[in-house]
Amino acid sequence: MREDVAGRANVEDTPELRAYYGELGRLDAGALWTVANTIEPWEPKSASVPMLWRYGDLRAHVLRALDLVTPERAGRRVVYLVNPGRRDVAAAVGWLYTGLQVMNPGEVASSHRHSSSALRFIMEGAGAYTVVDGHRITLGRNDFVLTPNGTWHEHGVAAEGTTCIWQDGLDIPLVNAMEANFFEVHPKLVQDVGFPVDDTSATFAAPALRPEGVAWGKPHSPLLKYEWGPTYESLVRYAAKSAGSPFDGALMHYTNPLTGGPVMPTIGAAMQLLRPGEATRAHRHTGCAVYQVAKGHGYSVIAGQRFDWGERDIFCVPSWAWHEHANGSAGEDACLFQFNDLPVMRSLGLYREEALSDGYQGV
Ligand code: 1HN
């Protein structure tokens, strides 16, 4: 504590002051100097703690929900992940929510829309699909799909598919904190599909090509699905020709193809590739992220704590926590998917980043 610094509160405790604080409290008021050092920390102090959720621990429990509840009764058949420091707001880290949703072939959850933005990252199974504002999107392993705020959406698994598990990511805690959340159920329960299947991919996923005559005024990406195949291929090509980032290896942000900006106004996402044996240097920044291991195994050091991860494990990095990542294999690359609140940090002018001078943290 540096309470004796000029400009920081440093007031003695006296019976007279204590009585004064009591009087202010009865008027629903308070003396700023009693809280100033707490509400104005020297630097961000995340209430979230670094966490790793092992898929091996969670998977059987996620599958058990299939027998316990129907999507109709549960609304969403989801096991959500809780940060011990953020239980009160149901966040996995910061103001971000995440959960694992499971569905059997032939099941569909009813259509709805809400003010929070959402995404899915497909973990296992075949035949999953999402319908977003009349666009039906087919989904495979490691595909990433958007359900931007305000869009009607529902998810299901085709009758000829297999049991599917995917990760949901939402900014629900953020939108609730902003007291701006609305939720509506679609009048039809399942919306009509109004476009050819996967039309947004055919229109907007061509590499560095922009279709003629497209008018798009919405704040989110018009491309709703980012497939694993081309994403991985792009990362491999990039990693072969560029050193990438000293802190992240070969990392590429998923973007709105029309603007180059983030996929949604409040949630950004990226996939990074760590080359065989690669260990990145430590940095920290404002903004937090939820990661899922899309490929390989390795470890991350987060705020001085080592977390060993394997495929499908989920971990989080709180705001302003030092972090570095390492591929645990000398022969295979490792890939980390992440979603984050960086668009919020950047658009509000709150983004700040710092490298650790020693390069690597002690554990
Ligand atoms: C939601 O709409 C979905 O659409 C999943 O599948 C999880 C968690 C909180 C609020 C809305 C979905 C959600 C959610």
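Taken together, the values in this text are just the output of simple stated rules run on the coordinates, not laboratory data. Treat the numbers as computed from the prediction; the structure is a model and nothing was measured. Please note: Cβ atoms are built from the backbone with ideal geometry, for glycine as well, and neighbour counts cover all protein chains shown.
Springs between Cα atoms under 10 Å define the GNM used for the chain, and in it the highest mean-square fluctuation of V35, V214, V197 occurs at V35.
For the stretch 201-224, backbone nitrogen atoms closer than 16 Å to the point 7 Å from T259 Cα along Cα-to-C-beta are found at 215-224. In order along the stretch 280-289, the phi-based Karplus estimate (6.51 cos²θ - 1.76 cosθ + 1.60, θ = phi - 60°) of 3J(HN,Hα) comes to 7, 7, 8, 9, 9, 7, 6, x, 10, 9 Hz; Gly and Pro are listed as x.
Here Y351 and V69 are evaluated by their C-beta separation; at R0 = 35 Å the FRET efficiency comes out at 0.30. Each residue of the stretch 74-85 was assigned a 3J(HN,Hα) from its phi angle through the Karplus expression (A = 6.51, B = -1.76, C = 1.60, θ = phi - 60°), giving 7, x, 10, 8, 9, 9, 9, 9, 10, 7, x, x Hz with x at Gly and Pro. Placing +1 on the Cβ of every Lys and Arg and -1 on the Cβ of every Asp and Glu, with no other charges, gives the chain a dipole of roughly 400 debye about its Cα centre.
Each peptide in 182-195, 305-318 receives the mean, over its residues, of other Cβ atoms within 10 Å, and ordering these scores from highest gives 305-318, 182-195. Taking each DSSP H run with n ≥ 4 as -39500 (n - 2.57) and averaging over every residue of the chain yields -5000 deg cm²/dmol at 222 nm. Dipole of the chain computed with +1 at Lys/Arg Cβ and -1 at Asp/Glu Cβ about the Cα centre; of A177, M252, A31, farthest Cα towards the positive end is M252. Once the C-beta distance of A19 and D88 is scaled by a Förster radius of 30 Å, the resulting FRET efficiency is 0.40 to the nearest 0.05.
Rounded to the nearest 20, the size of the Cβ-charge dipole of the stretch 28-141 about its Cα centre is 400 debye, with Lys and Arg at +1 and Asp and Glu at -1.
Tell me the net charge near A270. Cut-off is 14 Å between Cβ atoms, A270 excluded, with +1 for each Lys or Arg and -1 for each Asp or Glu.
-1
Between S245 and H186, residue separation times 0.36 nm minus the direct Cα-Cα distance comes to 16.9 nm.
The angle between the Cα long axis of helix 55-68 and the longest principal axis of the Cα atoms of the chain comes to about 70 degrees, rounded to the nearest 10.
Largest GNM mean-square fluctuation across V132, V236, V293, computed for the chain with C-alpha springs under 10 Å, falls on V236.
Listed values for the stretch 113-128 are Karplus-derived 3J(HN,Hα) couplings in whole Hz (6.51 cos²θ - 1.76 cosθ + 1.60, θ = phi - 60°), namely 9, 8, 6, 7, 8, 9, 8, 10, 10, 7, 9, 7, x, 10, x, 5, and x replaces Gly and Pro. Let a ≥ b ≥ c be the square roots of the eigenvalues of the Cα gyration tensor of the stretch 180-269; is it rounded (a/c under 1.5), or, if not, prolate (a/b larger than b/c) or oblate? Prolate is the answer for the stretch 180-269, as a/c is 1.5 or above and a/b outweighs b/c. Distance between the C-alpha centres of the stretch 206-230 and the stretch 270-329: 28 Å, rounded to the whole angstrom. Charge dipole (Cα centre; +1 on Lys/Arg Cβ, -1 on Asp/Glu Cβ; no other charges) of the stretch 60-121 amounts to roughly 120 debye. Other residues lying with their Cβ under 15 Å from the Cβ of D341 contribute a combined charge of +2, Lys and Arg counting +1, Asp and Glu -1.
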